[in-house]
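Worksheet for the structure shown next.
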Amino acid sequence: MQYVVIYLHGFLSSPESQKATQTLNFVKTYFPNLTIEIPQLSNYPNDAVTIIEQCITKHKDKKLRFIGSSLGGFLSTFMVEKYSGKAVLINPAVRPFELLGDFLGEHINPYTQQKFLLENKHIDELRELDTPTLKPTSDYWVLLQTADETLDYRQAESKYQEYKLSIEQGGDHSFQDFQRFLPDIFRFLLQD
């Protein structure tokens, strides 16, 4: 059976982000026959889920693999728990509904220039997507850097403690030098 890798970017990001671009270029170079999807996610949680589920439906004959950064890590976890599969999470958001409460109001996505209004109902949507307990059959590898200026890495360290964790001192929220992990990420994702 073939695989589909779905890369999910974070809040205020896009498929044009550095990690997404590095991932796509790596796949084109080393796995040219691998199906990869890097959708532009909506700024609104439920709409983002709809976009991801359209990718899943399109590839229902393939094994699901996710790479999720920040809020994309949170969404990847929701998808693995709902549909099964494997995921590599990069500095994943664990409780974004707490963090984004401070971001209510109007924003402009720096990549798409799209204006949007973050409201309490969107925080509620995130809360509905929470996965407080993970299935023991789920398979995650979590990459964390301790100097993440946006998220407390210890939340992810605690949530995913039963799974593979790589914790580096220093770094930042973007996960510095991410590309050096790509060979190992795809080794992890493309094995059963």
Q. If you scan the stretch 145-163, which residues turn out to be aliphatic (A, V, I, L, M) and over 17 Å from PHE66 (Cβ atoms)?
A. ALA147, LEU151
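List the helices (runs of 4 or more DSSP H) inside the stretch 22-119, counting only whole elements, that have at least 3 residues being exposed (fewer than 14 other Cβ atoms within 10 Å of the Cβ). Step through it out loud before you land on a result.
Working: elements: 45-58, 71-83, 96-99.
So the answer is 45-58.
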Q: Determine which member of the set GLU149, GLU157, GLU125 is farther than 17 Å from SER76 by Cα and of a type in the set (Asp, Glu).
A: GLU149
Q) Failed condition for GLY171, given (1) at positive phi; (2) surrounded by 13 or more Cβ atoms within 10 Å (Cβ to Cβ); (3) in contact with a Leu (Cβ under 8 Å, 6 or more places away or on another chain), with all others met? A) (3)
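Kindly evaluate THR131 against the criterion of being in a loop (DSSP other than H, G, I, E, B) and in contact (Cβ under 8 Å) with a residue 60 or more places away in the chain.
It is false that THR131 is in a loop (DSSP other than H, G, I, E, B) and in contact (Cβ under 8 Å) with a residue 60 or more places away in the chain.
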Q) How many residues does the stretch 164-192 contain that are part of a loop (DSSP other than H, G, I, E, B), more than 17 Å from SER70 (Cβ to Cβ) and either hydrophobic (A, V, I, L, M, F, W, C) or under 16 Å from the mean Cα position of the chain (by Cα) (or both)? A) 1
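Throughout, read-outs are computed from the coordinates displayed, never taken from laboratory work. Computed from a predicted structure; not experimentally measured. Using ideal geometry, Cβ is built from the backbone for each residue, glycine included, and neighbour counts are taken over all protein chains shown.
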